[in-house]
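Notes follow the structure.
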Amino acid sequence: MAIKRICKYGEKILEKKTRKADFEELKKILPALLADMFDTMDAVGGIGLAANQIGLDLRLAVIKIKREDEEPLSIVVINPEIVERSGALYEEEGCLSFPGLFAKIRRSAKVKLRAINEKGLPIEINAEGLFAKAMQHEVDHLDGVVFISRLPLLSRLKLKPALMKLRAQWKKIDESRMKTM
Ligand SMILES: [Zn+2]
């Protein structure tokens, strides 16, 4: 198991649609990959992580949501597709690839998703609230869409100075990490 480096905004892999996974091909490396993805997400306190955020061109994401008095909800989706949407949400979102940046994003309140799970079985997920929001955020990642591109142009322009400042910091963090590795 290992904690992977998370790709930051500006890296090309985040803005490219990922390749559909072939489960038979993926099967052998899947347990180790999922362990790494959950470890990486836990290490930074995230609730979702897409494979391209750790540099893999693969249509796969993991989600882990804390629940009251219950085990966290952990879900693996391979080749996920949103097949139904309803309602609307307008809430603040963050992203592990944009550390320190938050913005209110319009999402559907409920989504139905089809995917393959970690056992290679087809699943259908009905998600709402935070879970639905996380699913839409991760499927967007796999489509090469970062959350700030969901903002209206004007809001995006307003964010630009903050984003430039943050980018300089992320670069420094990654460079110092590379030196210590
Ligand atoms: Zn994200």
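The numbers here are math on the coordinates, done by the rules we state, and not lab data. None of the values given here were measured: they were computed from a predicted structure. Because the Cβ atoms are built from the backbone with ideal geometry, glycine has one as well, and the counts that use them run over all protein chains shown.
What to note about this one:
- For segment 48-78, the set of residues classified as in contact with a Pro (Cβ under 9 Å, 6 or more places away or on another chain) and either farther than 21 Å from Glu93 by Cα or surrounded by fewer than 20 Cβ atoms within 10 Å (Cβ to Cβ) (or both) consists of Arg59, Lys64, Ile65, Lys66, listed by residue number.
- Residue that is nearest to Ala50 (Cα to Cα), among those in segment 147-162 that are surrounded by 12 or more Cβ atoms within 10 Å (Cβ to Cβ) and of a type in the set (Lys, Arg): Arg150
- Evaluation of Ile123 against (1) under 14 Å from the mean Cα position of the chain (by Cα); (2) surrounded by fewer than 17 Cβ atoms within 10 Å (Cβ to Cβ) (one fails), failing number: (1)
- Only one of the numbered conditions (1) of a type outside the set (A, V, I, L, M, F, W, C); (2) exposed (fewer than 13 other Cβ atoms within 10 Å of the Cβ); (3) in contact (Cβ under 8 Å) with a residue 24 or more places away in the chain is not met by Gly45, and that is (3).
- A single entry from Lys16, Lys110 fulfils the requirement of being under 16 Å from Met135 (Cβ atoms) and more than 13 Å from the ligand (Cβ to nearest atom): Lys110.
- Top-ranked residue in segment 133-149 [being out of contact with any Leu (no Cβ under 8 Å at 6 or more places or on another chain) and either hydroxyl-bearing (Ser, Thr, Tyr) or farther than 14 Å from Ile65 by Cβ (or both); ranked as nearest to the ligand (Cβ to nearest atom)]: Phe147
- Scanning segment 146-163 for residues that are under 19 Å from the mean Cα position of the chain (by Cα) and in contact (Cβ under 8 Å) with a residue 24 or more places away in the chain yields Val146, Phe147, Ile148, Arg150, Leu151, Leu163.
- Selection of strands (runs of 3 or more DSSP E) fully inside segment 21-102 by the criterion of at least 2 residues being within 13 Å of the ligand (Cβ to nearest atom) and farther than 14 Å from Gln136 by Cα returns nothing.
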